[in-house]
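Right, one structure below, let's go through it.
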Protein chains: 2
Amino acid sequence: MSKLKENKTKYVILGFLNHEKMSGYDIKQRVDNSIKMFWPVRYGQIYPTLKKLEQDGMINHCKSTYEFGPERKIYEITKTGQAELKKWLKKPIIKEDMRYEILVKLFFTGSGEKKDIIKNILDFKNRYQEQLSKLQYLSQNLESVLGEHEDHQYFYLTAQFGIKTYHSYIEWAEQAIKFLEEKKGDESNG
Amino acid sequence: MSKLKENKTKYVILGFLNHEKMSGYDIKQRVDNSIKMFWPVRYGQIYPTLKKLEQDGMINHCKSTYEFGPERKIYEITKTGQAELKKWLKKPIIKEDMRYEILVKLFFTGSGEKKDIIKNILDFKNRYQEQLSKLQYLSQNLESVLGEHEDHQYFYLTAQFGIKTYHSYIEWAEQAIKFLEEKKGDESNG
DNA sequence: GAAAGCATGTAAACCGTTACATGATTGG
DNA sequence: CCAATCATGTAACGGTTTACATGCTTTC
C-alpha cells in the first residue's frame, strides 16, 4: 500500500521554506538560482504542491504585508512540515533514475548515420562546457565564503559534483568524436 | 500544437526491432542486458507501447512458431517504423533532464544531520563502484570484438560514458566525505 | 502436484510539462 | 498607454511506475 511514486519536489519546497518564509514565486527564483541543474521545478508544479502541502498541514500561508507589488501568499513551514523534511533527509536513497537520450541514440546509431550522432555529441559537449563555466564561477564565489555558514559547504559540494561530472562528459565527448571519426573510413558506407 | 511530452521509449522498441523481430518479453531482456543503466524500461510500458506502435503502422506482429513454451507475439518493424526511427536519430537533442536526489538532500542538509548525508554519499559511492565493475567487464569484452561489427563501436562508447561518469561519481563521493568529516568539528552541534 | 518462471497484458495513480488564463504593477 | 514583468493559478496531457491478473510450461 505504499505510494506509487514519491513526490520529491515537495521536499524542495519544504527545504526552502525551512530557511525562511516566502511565496511560490520566490521559491521558483531560488530553485533557478541554485538546484535547477539537478532538480528543475516549474510553476505548474510549485503552486499545486503548495496547495497540497497546506492541506496536509505542512505549511501555512498569510497575505503579503508589502505595500507595493502584486499580492503574494507568503508560506511558512509548520512543525509537521519540519518533521517531514527531517524524516526525508534521514532516509536512504535506493536508486537514482537517470535517462540519457544521447546514449540511446548512440546505442542505435547502427540504424542511422554516424555524422548525426557526431553532431549530437558535439552539441552535448558544448552544452556542458557552458554549464561548466557557470559552475566554476559559482564554485569560486562559494569557496570564498565557505567559513561563513555551514550551508555553504553543502552548496559547494553540489557545485563540485557538477564540475566533476561535466568535466567527464566533456572528456568523453571529445574522445567519442575522435574515436568515431577515426573509424569513419572502416565501413563501406563511410 | 506540438506534443506535450515525447515518448522516447518507443524508439528503444523500434531500435531493437530494427535489428531483428522479437517479442515484448525479448525486448525487455535486451533492455536489461544493454541500455538499462541509462534508459530503463518495464513491461507496463513495453506492452502498451507495442500496441500503439502497431496501431500507428510502425510494427506488425504474428504468432510465434515455436512449438514449445508459452505463445508469444513476434513483432516486426515496418518501413514506416524504420523511417520513424531514422527521423528520430537525425533529430538534435535539446536538453537532458537529470535529477539527482542525493544532491537535493545534500543541498538541504543544513536542515538535517551531517552523518545522514555522509551515509547516503557512501551508499551512492558503493552503488556506482558495483556498476563500474560490471561496466569495466563489459567494456573489455566489447573491446575484443570492436572490429567485428560497426554496432560494437557504439555499444563500446556508451560503456565508456558510464565508466567515465561513474569514476567521477566515486571520486566526488570520496572527496565529499573527506571534506564533510574534516569540517565536522567546525560546528557547535557536531 | 506444487512451485517457479515464462509471457502477456490492464488499471490506477501520480509526477511533471506545457499551454492557457488572469489581473495587477512597474517602466518607458 | 503599452509592454514587460510580477504573481498566481488551472487544465490537459502524456510518460512512467506499481500493482494486479491470467494462464501456460517447465522443473522438482
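Throughout, read-outs are computed from the coordinates displayed, never taken from laboratory work. Bear in mind the structure is a predicted one, so any value in this text is a computation, not a measurement. Cβ: placed from backbone, ideal geometry, glycine included. Neighbour counts: every protein chain shown.
If only residues of the range A:23-44 that are in contact with a helix residue (DSSP H, G or I) (Cβ under 7 Å, 6 or more places away or on another chain) and within 14 Å of DNA strand D (Cβ to nearest atom) are counted, the one that is nearest to A:PHE161 (Cα to Cα) is A:VAL31.
Tell me the residue from A:ILE59, A:ILE35 that is touching a residue at least 40 places away in the same chain (Cβ under 8 Å) and touching a strand residue (DSSP E or B) at 6+ places or on another chain (Cβ under 6 Å), please.
Every option except A:ILE59 fails the conditions.
When restricted to residues that are more than 13 Å from every other protein chain (Cβ to nearest Cβ) and either within 12 Å of DNA strand D (Cβ to nearest atom) or under 14 Å from A:VAL104 (Cβ atoms) (or both), the range B:45-55 contains 7. Among the residues of this structure, B:LEU132 counts as one that is within 21 Å of the chain's Cα centre (by Cα), closer than 30 Å to A:GLN153 by Cβ and more than 12 Å from chain A (Cβ to nearest Cβ). In this structure, B:GLU76 qualifies as more than 7 Å from chain A (Cβ to nearest Cβ), without any contact (Cβ under 8 Å) to a residue 60 or more places away in the chain, touching a strand residue (DSSP E or B) at 6+ places or on another chain (Cβ under 8 Å) and not in a helix (DSSP H, G or I). Looking only at the range B:117-129, residues that are closer than 14 Å to B:LYS164 by Cα and surrounded by fewer than 17 Cβ atoms within 10 Å (Cβ to Cβ) come to 1 in all. The residue of the range B:1-44 that is farthest from B:SER133 (Cα to Cα), among those that are among the polar types (S, T, N, Q), in a helix (DSSP H, G or I) and within 11 Å of another protein chain (Cβ to nearest Cβ), is B:ASN18.
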